[in-house]
Amino acid sequence: MSDVEIASPHDPADGLAAVAALRRLADQMENAEVERAMRAGWSWPQVAEALGVTRQAVHKKHASRLIAAGVTLRRR
Amino acid sequence: MVTRFAQHVRTIVKAAEAEARASASPTVEAEHVLLAISALDGTDAQRVLASAGLDHHAIKLALEREVHQSLSAAGITIDPGQLPHATIDPSRHLRMGASTRTALERAAKASAGARQMQPCHLLIGVLGAQAGTVPRMLALAGVDQGKLTERVRSTTDEKTQ
C-alpha cells in the first residue's frame, strides 16, 4: 500500500468525510462514556446535564443497552 | 417490483450486521456489507473482490486508514479502537444505515431480470456509491472502482446467459 496522501483540507470531499467520521466517533464515545459514568454511579439527570440533553433522551437511548450489559442503574 | 433474495444474500446481510456490531457501529453501513461479501467463501462476488486484492483483512485495514485519514482532516488523531469499551445490546436489531439502503436499491435494479438477487448484484449496489466511506476506502486501497464494477458486471452477465 502506498503512503496516505492527505488532499487539501479545502476539498469538500475530505471535509464531508471528516464530518461523517466525527459523527461516528461522537456516537461511539457517547456510548462508551455514558456506560462508564453509569458504572461509576452517576444518575440519569447528571449524565443528561453533562451531555446537554434531556434525561428522557439519554434514558431512551442508553437504558436498554446498559440493562442488558448488567449495569446497576440508580433510580435518581 | 418484487425482489427475491438468494440464500447467499440473506447470509451476507446477517453477517453484515455482525460486522457492524464488531466495529461498534449503531447502524449497518455499506462497508459492513462489503466486509460480509468478502468473507463468504464460494461466491463469484468474493472471488472478484479477492482478485482485486480485497480480502476481508485488506478491506478492514483500508477502512481503518479511511477513518484515520478522514478524522485527521479535522485535526483529530484519536484511534477509535482505543476508546473505552461500550457494550452493545446483543438482542437489539441494528438498523440499516442510509448507505446500505441505497446499495440495496441499486442491487435490486441490477438484479432486475435475474431470478434472484445474487451476491454479485449486492456488490454492484455497494460499488455504485459515488461518495462516502466505500469509494474513499477503495481509493486508499489503490483499487479502480469503475474497473472493479465492470468486472463484477461481466461476471454477473456470464452467469445470466
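Worth pointing out:
- Under a 5 Å amide H cut-off, with hydrogens placed 1.01 Å from N, B:M117 pairs with B:R4, B:F5, B:A6 among residues at least 5 apart or on other chains.
- Surface composition of region B:1-90: carbon plus sulfur atoms hold 57% of the accessible area, using a 1.4 angstrom probe and ignoring ligands, DNA and RNA.
- Solvent-accessible area per residue, Å², over region B:55-139 with all protein chains present [probe radius 1.4 Å]: 50
- Between B and A, roughly 2200 Å² of accessible area is buried in total, ligands, DNA and RNA not counted and the probe set to 1.4 Å.
- All Cα pairs of the protein assembly as shown, percent lying beyond 29 Å: 36
- With θ taken as phi - 60° and the Karplus curve 6.51 cos²θ - 1.76 cosθ + 1.60 applied, the whole-hertz 3J(HN,Hα) list for region B:116-131 is 9, 6, 9, x, 4, 5, 4, 5, 4, x, 5, 6, x, 5, 8, 8 Hz, x standing for glycine and proline.
- Centre-to-centre separation between the Cα atoms of region B:12-59 and those of region B:89-161: 11 Å.
- Farthest positive-ward along region B:40-161 dipole, Cα basis, beta-carbon charges - from B:I59, B:H85, B:G128: B:G128
- Shown here for region B:1-39: trypsin sites (Lys or Arg not before Pro) in loop regions (DSSP other than H, G, I, E, B) with at most 10 other Cβ atoms within 10 Å, namely B:R4.
- Taking the Cα atoms of region B:27-161, the ratio Rg/Rh between the radius of gyration and the Kirkwood radius comes to 1.00.
- Prolate/oblate/rounded call for region B:93-159, Cα gyration tensor, a/c under 1.5 rounded: oblate
- Once backbone amide H atoms are built at 1.01 Å from N, B:R95 has B:V28 as its partners under 5 Å, excluding neighbours fewer than 5 places away on the same chain.
- Cross-link partners for B:K109 among the lysines, with Cα-Cα distance under 28 Å and sequence neighbours closer than 8 places in the same chain left out: B:K14, B:K60, B:K147, B:K159.
- Shown in residue order for region B:32-37 are the 3J(HN,Hα) couplings computed by the Karplus curve 6.51 cos²θ - 1.76 cosθ + 1.60 at θ = phi - 60°: 6, 5, 4, 4, 5, 4 Hz (x for Gly and Pro).
- D_trans [Stokes-Einstein, Kirkwood Rh over alpha-carbon pairs] for chain A, 10 °C, 1.306 mPa s, µm² s⁻¹: 109
- What the phi angles of region B:4-14 give under the Karplus curve with 6.51, -1.76 and 1.60, with θ = phi - 60°, is a coupling list of 9, 9, 5, 4, 4, 5, 4, 4, 5, 4, 5 Hz, glycine and proline written as x.
The values are calculated or read from the model by the stated rules, or taken from the named source; none is laboratory data. The structure presented is a predicted model; accordingly, all values stated were derived computationally and were not measured. Because the Cβ atoms are built from the backbone with ideal geometry, glycine has one as well, and the counts that use them run over all protein chains shown. Just so you know, the surface numbers come from the protein's heavy atoms only, side chains and all, with ligands and any DNA or RNA stripped out. Shrake-Rupley method; radii C 1.70, N 1.55, O 1.52, S 1.80 Å.
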